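First comes the structure, then the notes that go with it.
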Protein chains: 2
Amino acid sequence: MNVDAQSHVVYGEDFSPGDRTELGNYTISADEIVAFARQWDPQFFHVDEERAQTEGYFGGLIASGIQTLGIFQRLTVDSRDRHWDVIGGAGIEGLQFRKPVRPGDTLTGSTVVKYVKLQPERGRARVDYAGELINQHGERVLALTMSAYIGMRSQ
Amino acid sequence: MNVDAQSHVVYGEDFSPGDRTELGNYTISADEIVAFARQWDPQFFHVDEERAQTEGYFGGLIASGIQTLGIFQRLTVDSRDRHWDVIGGAGIEGLQFRKPVRPGDTLTGSTVVKYVKLQPERGRARVDYAGELINQHGERVLALTMSAYIGMRSQ
């Protein structure tokens, strides 16, 4: 990322394809899995440990994929060492839940910028970045490409 | 959906392209927006009402797109009038956050089955369905295609 040393803010012009960011990691607990799923995805294999063990296809509790996406997003936001002039998310392509996420799993994330389109007439850039989460066994549990609009400096 | 009257469970064979389901609606509060975003998407325009009004691009608090996806998923699960033999979600394509979701918005959902591929050798079907959420002004705020694996009856 090409950031003016004086600037405390990251703008659309500061992104280039190939920019890679390590996001750090997050360890998810059974309680967090159940609490999230009770509210947003109350399927038994996300909320009922006993039924998940006896009736679920994965032999135990697994996290909602939407929570796994939340972990990715949380790591992404926390990894920013200065403010990004984010306008908002535009969408997500190719979101894959590749392996189940289980209680106690530690997920480590990274992103790579894939595409930057400056739209100076609209005062913004569209930035697409590929992201992934890898568990403690080296398995990729989440893959996606996220698109966001970021404000431009030169307006 | 073609469901055996005796069956209390919905299997992969029971889905057909064109099946449409109305999901009902969900009204989101400012407190819910902030609580979700503090945990999973702590950008200021999701968690800080005052800064969102003065510095945000939308003139006020807006929900994390991941929470909007959670609302869609919650409505989807709640709309099932009998148990679906869900193995797990496979992924999401073409997820678009088309309009901001604001405190007090009421989102109404629907899904339409787009594609069913029976995989009897694996005891499952892959079911892809398009989904959307519309706000109280008739604007589409979320669009996506979700893929899930559903167990098959005949094994």
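No value in this document is a laboratory result; all are computed from the given coordinates. This structure is a prediction, so every number in the text was calculated from the model and none was measured. Here Cβ is always computed from backbone atoms with ideal geometry, including for glycine, and neighbour counts include all displayed protein chains.
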- Message: Angle check, please: helix A:65-78 long axis (alpha carbons) against the longest principal axis of chain A (alpha carbons), in degrees 0 to 90, nearest 10.
- Response: 40
- Query: How much length is gained on full extension from B:Ala30 to B:Tyr115, taking 0.36 nm per residue of separation minus their Cα-Cα distance?
  - Reply: 26.9 nm
- Task: May I ask for the angle, rounded to the nearest 10°, between helix B:30-40 and the longest principal axis of chain B, with both axes built from Cα atoms and the value confined to 0 to 90°?
- Result: 70
- Would you compute the Debye intensity of the stretch B:5-135 from its alpha-carbon atoms alone, equal scatterers and no solvent, and pass along log10 I(q)/I(0) at q = 0.11, 0.13 Å⁻¹ to two decimals? -0.49, -0.64
- Work out the mean other chain Cβ neighbour count within 10 Å for the residues of B:139-147 and drop it here as an integer. 1
- Task: For B:Arg153, place a label point 7 Å out from Cα along the Cα→Cβ vector, do the same in each other copy, and report the separations in nm, one decimal, smallest first.
- Result: 6.3
- Task: Calculate the dipole size of the protein assembly as shown relative to its Cα centre from +1 charges on Lys and Arg beta carbons and -1 charges on Asp and Glu beta carbons; express the result in debye to the nearest 20.
- Result: 680
- Query: Relative to the Cα centre, what is the charge dipole magnitude of the stretch B:1-111, using +1 at the beta carbon of each Lys and Arg, -1 at the beta carbon of each Asp and Glu, and rounding to the nearest 20 debye?
  - Reply: 220
- Per residue of B:33-41, other chain Cβ atoms within 10 Å number on average 4
- Note on the structure: Per the charge dipole of chain A (beta-carbon charges, Lys/Arg positive, Asp/Glu negative, Cα centre), the residue among A:Gly18, A:Val47, A:Ala143 reaching farthest to the positive end is A:Gly18
- Note on the stretch B:23-101: contact order normalised by length, alpha-carbon pairs under 8 Å, 6 or more apart, percent, works out to 28
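Return one quarter of the surface area of the convex hull spanned by the alpha-carbon atoms of the stretch B:58-155, equal to its mean projected area, in nm².
Computing the convex hull of the Cα atoms and averaging its projections yields 6.9 nm².
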- Relative contact order of chain A, pairs being alpha-carbon contacts under 8 Å that are 6 or more residues apart, as %: 30
- Message: When 1/r is averaged over all different Cα pairs and the result inverted, which Kirkwood radius in Å belongs to the stretch A:31-100?
- Response: 13.8
- Task: Can you tell me which of A:124-132, B:13-21, B:100-108 comes out highest on packing, and rank the rest after it, using the mean Cβ neighbours within 10 Å?
- Result: A:124-132, B:100-108, B:13-21
- Message: What is the sum of charges, Lys and Arg at +1 and Asp and Glu at -1, for the other residues whose Cβ falls under 12 Å from the Cβ of B:Arg74?
- Response: -1
- Positive minus negative residues near A:Ala63 (Lys, Arg vs Asp, Glu; Cβ under 12 Å): -2
- Can you give the convex hull volume per residue for the Cα atoms of the protein assembly as shown, as a whole number of Å³? 139
- Proximal lysines relative to A:Lys117, as straight alpha-carbon distance under 27 Å, when same-chain residues fewer than 8 apart are discounted: B:Lys99
- How large is the helix-only mean residue ellipticity at 222 nm for the protein assembly as shown, computed as the sum of -39500 (n - 2.57) over DSSP H runs with n ≥ 4, divided by its residue count, in deg cm²/dmol to the nearest 500? -6500 deg cm²/dmol
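Considering every residue in B:58-66, what mean count of other chain Cβ atoms within 10 Å of its Cβ is obtained? Mind showing how you got there, number by number?
Values: counts 2, 0, 0, 0, 1, 0, 5, 9, 11.
Average neighbour count from other chains, rounded to a whole number: 3.
Among DSSP beta bridges lying fully in the protein assembly as shown, give the percent that are antiparallel, nearest 5. Walk me through the numbers on the way to the answer.
Working: 78 of 82 bridges.
Of those bridges, close to 95 percent are antiparallel.
Work through the residues other than B:Gly104 whose Cβ is under 14 Å from its Cβ and net out their charges, Lys, Arg +1 and Asp, Glu -1.
Residues near B:Gly104 contribute -3 overall.
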